[in-house]
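The values are calculated or read from the model by the stated rules, or taken from the named source; none is laboratory data. These figures come from a predicted structure and were not determined experimentally. Don't worry about glycine lacking a Cβ; one is built from the backbone with ideal geometry, like all the others, and counts go over all protein chains shown.
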Amino acid sequence: MPRQTLSYLRQMFARRGIAPQHRYGQNFLIDLNIHDLIVRTAELGPEDVVLEVGSGAGALTTRLAGQAGAVVAVEIDPALAELTREAVAGFGNVTVLRADVLAGKHRLDGGVVAAVRERLGAEPGRRLKLVANLPFNVATPLITNLLVDDELRPAMMVVTIQREVAERLVAEPGRGSYGALTVLVQALCEVELVRVLAPSVFWPRPKVESAIVKLVTDRLRREAIADLGWFHWVVRQVFLHRRKNLRGAIAAIGGRGSQEGQGGRGWSKAEVDAVLAEQGLDGGLRAEALNVEEWIELAEALRRHGGGGLEGTAEAD
């Protein structure tokens with residue numbers, strides 16, 4: 001396959017009458033050394049099934065196909081999906097899908113899921129990896145949806161994302177960039193910021209810096225969380241009220257019924273005080289002050305109390 005340099009892409013796009021689509025977040029990685037770095041970082045082998053989202057013209061796809069057992073390449077733009085198909089025409093281990101990887105904010109596309117499962121089931125011992133130059137607009141929901149899925153959670157993710165998002169993934173407690181995404185990712189993964197990328201390595205140039213991040217999921221970390229759906233919901237809801245202290249933020253959310261879309265009275269402030277005291281936490285702290293281990297323990301304590309389950313306790317301000 002020709003090397004997809006800037007001049008090559010410009011000429012090919014001009015011949016076909018196509019152009020990068022801002023609405024799809026299309027920024028093509030034109031530094032071929034960065035492609036190689038991504039593939040090396042992913043540590044691919046024949047047991048790996050790679051999910052690539054935003055395959056573009058197929059430059060990274062061909063490198064992945066040469067090392068992985070199988071690749072499921074997803075591209076929302078019909079013209080680019082066709083370019084990917086042409087690029088990987090000589091590979092029998094690649095499935096190219098013209099699709100939006102997200103069926104909604106909290107759900108992956110069913111066709112993508114089916115294709116990944118088919119490739120994983122083709123041989124015993126296969127494992128999933130997400131390796132992609134991700135469009136900025138799908139990065140956070142895609143990473144989140146994959147992490148909370150106990151069936152499809154990748155063994156590893158190596159992705160280029162907006163630097164701001166990358167810094168959230170590696171943030172420490174007390175920092176402004178530390179939030180619900182930070183807690184979820186660090187609760188389940190080892191996270192490494194591999195390299196910061198200047199806008200000049202992309203075409204068209206984005207207005208912000210990007211970064212390559214590597215997330216390696218950890219089975220023991222997952223086992224430490226009794227109910228992942230509940231944990232994720234509690235952390236997300238409390239951080240939505242991050243300007244309040246912990247006591248007020250927890251009291252402002254609903255409890256088990258709300259998590260299941262059924263409403264619910266939630267916890268009184270006195271009930272929240274009891275849970276926080278049980279965990280040795282100061283209710284005057286804000287959400288970003290808690291480390292990941294404290295979040296896991298707090299979410300489990302709230303789960304045990306079931307959303308206002310401490311009966312007979314008077315409301316307190």
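Here are some notes:
- Residue list for the range 199-216, restricted to those being among the small types (Gly, Ala, Ser) and in contact with a Lys or Arg (Cβ under 9 Å, 6 or more places away or on another chain): SER210, ALA211
- Positions within the range 153-179 being over 12 Å from the mean Cα position of the chain (by Cα) and hydrophobic (A, V, I, L, M, F, W, C), in sequence order: ALA155, VAL170, ALA171
- All of ILE38, ILE18 fail the test of being closer than 25 Å to ARG205 by Cβ and within 18 Å of the chain's Cα centre (by Cα), apart from ILE38.
- Check on VAL112, buried (at least 19 other Cβ atoms within 10 Å of the Cβ) and over 27 Å from PRO199 (Cβ atoms): yes
- Criterion violated by ALA211 - all others in (1) over 22 Å from VAL165 (Cα atoms); (2) modelled with pLDDT of 95 or more satisfied: (1)
- Considering (1) at pLDDT 95 or above; (2) within 24 Å of VAL196 (Cα to Cα), the lone condition that TYR24 does not fulfil carries the number (1).
- Taking every residue in the range 155-177 that is acidic (Asp, Glu) and pairing it with any residue that is crowded, with 22+ Cβ neighbours inside 10 Å and not in a strand (DSSP E or B), at least 6 positions away or on another chain, the pairs with Cβ-Cβ distances below 9 Å are GLU172/TYR178; GLU172/THR182.
- Test: ASP48 is of a type in the set (D, E, K, R), on the phi < 0 side of the Ramachandran plot and either outside the structural domain of ASP109 (by TED's automatic domain parsing) or under 22 Å from the mean Cα position of the chain (by Cα) (or both): yes
- Taken over the range 192-248, the criterion of being in contact (Cβ under 8 Å) with a residue 60 or more places away in the chain and assigned to a loop (DSSP other than H, G, I, E, B) is satisfied by PRO204, ARG205, PRO206, ALA224, ILE225, ALA226, ASP227, ARG242.
- Checking PRO135 against (1) at pLDDT below 95; (2) in contact with a strand residue (DSSP E or B) (Cβ under 6 Å, 6 or more places away or on another chain), the condition it does not meet: (2)
- Residues (assigned to a loop (DSSP other than H, G, I, E, B), buried (at least 19 other Cβ atoms within 10 Å of the Cβ) and in contact with a strand residue (DSSP E or B) (Cβ under 8 Å, 6 or more places away or on another chain)) located in the range 21-57: ASN27, ILE30, LEU44, GLY54, SER55, GLY56, ALA57
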